[in-house]
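J.: Take this structure, written in structure tokens, and hold onto it; I'll ask about it next.
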Amino acid sequence: METLTGRERVWRTLRHRPVDRVPRQCWSLPGVGMFRPKELATLLERFPSDFAAPDFAYGPSRRAKGVPCLPGEYTDEWGSLWHVGEPGVIGEVKGSLIPDLTCAADYEVPWELLDEADFSRVDASCAATDRFVLAGTFTRPFERLQFLRGTENLFMDLATGEQELLCLLDKLHAFSMREMEMWAKTAVDGVSFMDDWGSQRSLLVSPDLWRSVFKPRYRDYCDLLHAAGKAVFFHSDGNIEAIYPDLVEIGIDAVNSQLFCMDLERLSAEQGSRIAFWGEIDRQSTLPFGSVDDVRAAVDRVAAATIGRWGRTGVIAQCEWGVNDPMENIEAVFDQWNRW
């Protein structure tokens, strides 16, 4: 087969068509860029990504202050206070911006991020590359609710079906729909959003609750983007096996999930012909603590489940590089994928 461009390679993979090699993408946590920039540059030179980001800027936030990823505290664009315990990590929200749900009606989403956004260079940046251009978004409704209400409060709200919470969720959804509409009008190839739904063993909420509250909103994002010819990428940590069929049903094109928390072989057998696996190699134990041979074996397991057994594509060579992960392990991921 002739050599494909990154854009062609990813689109063919999403459509389960033959490719010259598995497309690749390395995610690096902030600390890698901060403390190991030469290693990161070396890796990307050896294994260039098939993905690119568009050239754009969201509007300036009226609430954000402080410096993310450095020890201490910072406030994000939505007003949530983050605590960072060590350099190079994103940190955690430990408080509640809206401790009293009766005040949720007064909360204003940061419309300035969209009202004052500069998308004027997006289309030119897409035309200037032959890689697949994927736009990230602020859309993460479940997690955003946690950041605003606090995790314990949110779970109680969901359990009791508080109407004020649904009104707050509607505000977030209106923001996300407008954000998706803005991206839909550009030349990007795909748009991504996220929510971390899983514990190590199961969903954090019942599948029925997820289907009644969040699935319809996710479907709105997919329908809007697909109508504009965009691919939809989704990320979630944890064991989300229970909702994989739902993600397929609403039209997610590629999902990044912790495959090693789930029954990878069964998941691929049941869903692999209908959705693309947006990578993942075990970052809880194998990448930080395993040997190079362990890493290669992990890649082989994913490849055998998604490619070897079925003779199909539909998988992206992706992994997340943590700040303390050995570089040789990350190199081994992409080198082993090249053998497939």
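The values are calculated or read from the model by the stated rules, or taken from the named source; none is laboratory data. The shown structure was predicted, so the numbers you read here are calculated from the model rather than taken from an experiment. Positions of Cβ are generated from backbone atoms using ideal geometry, with glycine treated the same way; all protein chains shown enter the neighbour counts.
J.: Within region 30-41, can you find the residues that are in contact (Cβ under 8 Å) with a residue 40 or more places away in the chain and either over 22 Å from residue 134 (Cβ atoms) or in contact with a helix residue (DSSP H, G or I) (Cβ under 9 Å, 6 or more places away or on another chain) (or both)?
T.: Passing the criteria: 31, 32, 34, 35, 36, 39, 40.
J.: For region 94-142, which residues satisfy the criterion of being touching a Leu at 6+ places or on another chain (Cβ under 9 Å), surrounded by fewer than 18 Cβ atoms within 10 Å (Cβ to Cβ) and within 24 Å of residue 323 (Cα to Cα)?
T.: 94
J.: Here is a further query. What single numbered condition from (1) modelled with pLDDT of 95 or more; (2) touching a Gly at 6+ places or on another chain (Cβ under 7 Å); (3) surrounded by 14 or more Cβ atoms within 10 Å (Cβ to Cβ); (4) closer than 30 Å to residue 329 by Cα fails to hold for residue 89?
T.: With (1) modelled with pLDDT of 95 or more; (2) touching a Gly at 6+ places or on another chain (Cβ under 7 Å); (3) surrounded by 14 or more Cβ atoms within 10 Å (Cβ to Cβ); (4) closer than 30 Å to residue 329 by Cα applied to residue 89, the lone miss is (1).
J.: With 278, 321, 340 as the choices, which residue is of a type in the set (Phe, Trp, Tyr), in contact with a helix residue (DSSP H, G or I) (Cβ under 7 Å, 6 or more places away or on another chain) and modelled with pLDDT of 95 or more?
T.: Criteria check complete, one pass: 321.
J.: Inside region 188-206, can you point out the residues that are of a type outside the set (D, E, K, R) and surrounded by 15 or more Cβ atoms within 10 Å (Cβ to Cβ)?
T.: 188, 190, 191, 192, 193, 194, 197, 198, 202, 203, 204, 205
J.: How about region 185-255: which helices (runs of 4 or more DSSP H) wholly inside it have at least 2 residues that are under 27 Å from residue 50 (Cα atoms)?
T.: Passing ranges, in order: 215-227, 244-250.
J.: Given the residues 125, 120, which is the only one that is part of a helix (DSSP H, G or I), modelled with pLDDT of 95 or more, closer than 30 Å to residue 11 by Cα and among the hydroxyl-bearing types (Ser, Thr, Tyr)?
T.: 125
J.: Oh, and also: Hey, residue 82 hits all of (1) part of a loop (DSSP other than H, G, I, E, B); (2) of a type outside the set (Ser, Thr, Tyr); (3) closer than 22 Å to residue 176 by Cβ but one; which does it fall short on?
T.: Result: residue 82 passes all but (1).
J.: A further question on this structure: Do the conditions hold for residue 43, that is, is it over 19 Å from residue 336 (Cα atoms) and surrounded by 13 or more Cβ atoms within 10 Å (Cβ to Cβ)?
T.: no
J.: Identify all residues within region 283-328 that are more than 21 Å from the chain's Cα centre (by Cα), more than 29 Å from residue 86 (Cβ to Cβ) and not acidic (Asp, Glu); write none if there are none.
T.: Selection gives 296, 297, 301, 304, 305, 307, 308, 309, 310, 311, 312.
J.: Among (1) under 22 Å from residue 325 (Cα atoms); (2) free of Cβ contacts under 8 Å to residues at least 40 places away in the same chain; (3) surrounded by fewer than 15 Cβ atoms within 10 Å (Cβ to Cβ); (4) of a type outside the set (S, T, N, Q), which single condition is residue 66 missing?
T.: (1)
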